[in-house]
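Take a look at the structure below.
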Amino acid sequence: MSNNTLLGTLPELGGLRRAQELKFGTNFFTGGIPESIGELRRLQVLDVSVNFLGGPLPDSLSNVASLVILKLGDNSNEEPFSGFSGPLPASLSQLTNLGQLEMYSNRFTGVLPPEWGALNKLRVLDIEFNPVTGTVPAEYGAMVNLQEFYISNTDIEGAVPEEACVPSLTFFVADCDVVCTCCTRCEDGGRVR
């Protein structure tokens with residue numbers, strides 16, 4: 001269903017219990033992710049990126065332990081109430097099969113949850129362009145498969161702990177005022193330096 005200029009809200013999903021992939025990306029959906037997402041225990045891919053979705057993520061999302069790819073990026077745009085919001089949910093640490101977590105360009109707040117360090121299969125973590133604060137937790141050193149980590153254009157500050165500089169990292173993008181020995185690129189107000 002991706003790239004179809006579909007309008008409206010996401011449908012109730014409880015009846016799709018055998019679904020393994022739901023790809024609603026690059027449409028014009030509004031509203032939020034239905035709470036019924038938690039009933040899809042076989043779901044491996046959820047892509048709702050590049051829409052006009054918003055609000056907090058449903059608590060039931062953490063019940064979908066089979067998820068490998070979760071794409072929530074680019075829902076914050078000109079619409080005044082679009083973009084997922086609320087604190088980055090620590091409960092996503094229950095999604096231990098996640099390999100890709102894209103949350104860029106939304107309105108998430110709070111700090112990077114230390115609990116996410118349990119996501120040791122994660123290869124890509126992208127939270128760029130969100131008003132997230134705090135520092136990178138040392139617990140992220142347990143993300144032994146992390147290859148790409150994007151935290152630029154956030155309010156994250158301070159030094160990235162050496163523990164979080166896992167050997168698998170090949171691409172790490174942060175703001176230039178973040179002290180980081182393993183960053184591969186820094187951005188200053190959107191400009192690469």
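The values are calculated or read from the model by the stated rules, or taken from the named source; none is laboratory data. Here the structure is a predicted model, which is why all the values come from computation and not from measurement. As a convention, Cβ positions derive from the backbone with ideal geometry for all residues, glycine included, and neighbour counts pool all protein chains shown. Areas reflect the complete protein model, heavy atoms only, side chains present, ligands, DNA and RNA absent. Shrake-Rupley method; radii C 1.70, N 1.55, O 1.52, S 1.80 Å.
One decimal place: the segment Ser66-Leu7 gains 18.4 nm when fully extended, by the rule 0.36 nm per residue minus the C-alpha distance. Normalised by the number of residues in the range 78-193, the average gap of Cα pairs under 8 Å and 6 or more apart makes the relative contact order 19 percent. Taking all protein chains together, Tyr104, Tyr140, Tyr150 sort by accessible area into Tyr104, Tyr150, Tyr140, largest first [probe 1.4 Å]. Summed over the residues of the chain and divided among them, the accessible surface reaches 46 Å² per residue at a probe radius of 1.4 Å. Neighbours of Glu157, meaning other residues whose beta-carbon lies under 10 angstrom from its beta-carbon, give a summed charge of -3 when Lys and Arg score +1 and Asp and Glu score -1. At full extension, Val45 and Phe171 could sit 43.1 nm farther apart than now, given 0.36 nm per residue minus the alpha carbon distance. Near Leu57, the amide H atoms lying under 5 Å from its own belong to Ser85; only residues 5 or more places off or on other chains count, and H is placed 1.01 Å from N. The dipole here belongs to the chain: it is taken about the Cα centre, uses +1 on the Cβ of Lys and Arg and -1 on the Cβ of Asp and Glu, and is about 700 debye. Across the range 170-187, coupling constants 3J(HN,Hα) worked out from phi with the 6.51/-1.76/1.60 Karplus curve, θ = phi - 60°, read 10, 8, 9, 10, 9, 5, 5, 8, 7, 7, 8, 7, 10, 5, 9, 7, 10, 10 Hz, and Gly and Pro carry x.
The local environment of Ser66, defined by Cβ-Cβ distances under 14 Å, has a net charge of +3 under the rule Lys, Arg +1 and Asp, Glu -1.
Placing +1 on the Cβ of every Lys and Arg and -1 on the Cβ of every Asp and Glu, with no other charges, gives the range 114-168 a dipole of roughly 220 debye about its Cα centre. Quote the FRET efficiency, to the nearest 0.05, computed for Gln20 versus Gln147 with a Förster distance R0 of 22 Å and r equal to the Cβ-Cβ distance. Step by step, r from the Cβ atoms, then E = 0.40. Within the range 97-193, DSSP assigns beta bridges of which about 10% are antiparallel (rounded to the nearest 5).
Under the simplified labelling scheme, the Ser91-Thr135 pair shows an inter-label distance of 2.9 nm, with each label point 7 Å from Cα along Cα→Cβ.
Taking every DSSP beta bridge that has both ends in the chain, the antiparallel portion is near 5%. Relative to the Cα centre, the charge distribution of the range 36-112, modelled as +1 at Lys and Arg Cβ and -1 at Asp and Glu Cβ, gives a dipole magnitude of about 260 debye.
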